[in-house]
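The values are calculated or read from the model by the stated rules, or taken from the named source; none is laboratory data. All values derive from a computational prediction rather than experimental measurement. Reconstructed Cβ throughout: ideal geometry from the backbone, glycine too, with neighbour counts over all protein chains shown.
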Amino acid sequence: MNEQGQIVKSLAGFYYVDTGKAEYRCRARGIFKKEGVTPLVGDRVLITPQDDEEGVVDEILPRKNEFIRPLVANVDVFVITVATAEPEPNPEIIDRFLVTAELADADACLCVNKDDLESARAKRIADVYNGLYPTVVTSALTGEGLEELRLAIKGRSAAFAGASGVGKTSLIALLTGDERLKVGGVSERTGRGRHTTRHVEILTLADGTKVYDTPGFTSFEAAAASDFTDANIGALFPEFAALTDECRFNDCRHDFEPGCAVLAALENGTIKRSRYESYIKLLRKSEEK
């Protein structure tokens, strides 16, 4: 008899499926390989238990979204994590993650970590995104902002995204209380976090929140990346999308067109220049493609 559950870990060819009553170590049916389908961590699936511990994945239920780096599915909210220093924050990377979340039909929360290092910079970063996305200032060292972050993702499936070394694993460890998550700091040679676990896993908090631990991955690529065109880039920036109807031309690309409401908002400071610069870089990449 089939049971429904979620893949919470993939390791050495086995899929660990949590049904809410038990966790089964499963193999996937051969038909998936024949059809070129890979079960992903986060997938909701139907399984046939073989005994109290083993089972077989029979069917993958429809996905909300899926990603190839890392191989995960059904993310509700991205926690876009940036550090105030060590490594230095990069507005273009932040915005690229936010656009990826928008493209994947996932919500986004901006987490500005390491407030203990550069408090003034944390405020400046947060000011850019306040009103656009939920924004939380944290310190994994002191625990500042942790409860606010916990509330921002409560009851949802959350994936942390950000450059290596920004403190994603430290924050996940604090949220989950999982002592297996160890961080060795940032390498002076590479500037990257030294952490680490090697497989993707979903960790469940006491309040039911599910957190994807994705060690070694610093970016998420949406499977729907082929839909990323210059025609929809503006729609992925919420402050641009809100002004599109006010542009003189219906097909305005917010580049150099006369009567562009986005350019007017940029001039009067309503739209932040760093956000516009990120948009233009994405637009140029789309043109090159």
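Hey, does the range 82-95 have a residue that's buried (at least 18 other Cβ atoms within 10 Å of the Cβ), over 30 Å from Lys272 (Cα atoms) and of a type in the set (Val, Ile, Thr)?
no
Look through the range 240-250, keep the residues that are of a type outside the set (Phe, Trp, Tyr) and in a helix (DSSP H, G or I), and return whichever of them is nearest to Val99 (Cα to Cα).
Applying the filter and picking the extreme gives Ala241.
Return the total of residues in the range 251-289 being hydrophobic (A, V, I, L, M, F, W, C), at pLDDT below 95 and in a helix (DSSP H, G or I).
Here the count works out to 3.
Hey, can you tell me all the residues within the range 61-72 that are farther than 19 Å from Ala12 by Cα and touching a residue at least 24 places away in the same chain (Cβ under 8 Å)?
Within the range 61-72, Leu61, Lys64, Asn65, Glu66, Phe67 meet the criteria.
Can you pull out the residues in the range 7-50 that are in a strand (DSSP E or B) and either in contact with a helix residue (DSSP H, G or I) (Cβ under 8 Å, 6 or more places away or on another chain) or surrounded by fewer than 19 Cβ atoms within 10 Å (Cβ to Cβ) (or both)?
Across the range 7-50, the qualifying residues are Lys9, Leu11, Phe14, Asp18, Glu23, Arg25, Arg27, Arg44, Leu46, Thr48, Pro49.
Please identify the pairs in which a residue from the range 75-102 that is in the same structural domain as Thr204 (by TED's automatic domain parsing) has its Cβ atom under 8 Å from the Cβ atom of a residue that is modelled with pLDDT of 90 or more and acidic (Asp, Glu), counting only partners at least 6 apart or on another chain.
Once the first residue is in the same structural domain as Thr204 (by TED's automatic domain parsing) and sits in the range 75-102, its partners that are modelled with pLDDT of 90 or more and acidic (Asp, Glu) give Asp76/Asp107; Val77/Asp107; Phe78/Asp107; Thr84/Asp115; Pro91/Glu277; Glu92/Glu277; Ala101/Asp107.
Could you please find all residues in the range 189-243 being at pLDDT 85 or above, closer than 24 Å to Ser278 by Cβ and under 19 Å from the mean Cα position of the chain (by Cα)?
Ile233, Ala235, Leu236, Phe237, Pro238
Please verify whether Val56 is modelled with pLDDT of 90 or more, over 28 Å from Leu103 (Cα atoms) and part of a strand (DSSP E or B), treating the condition exactly as stated.
Taking the combined requirement at face value, the residue satisfies it.
Under 7 Å between Cβ atoms, which residue pairs at least 6 apart in sequence (or on different chains) link something in the range 262-289 that is among the polar types (S, T, N, Q) with a partner that is assigned to a helix (DSSP H, G or I)?
Ser274/Pro91; Ser274/Val128; Ser278/Pro91; Ser278/Glu92; Ser278/Asp95
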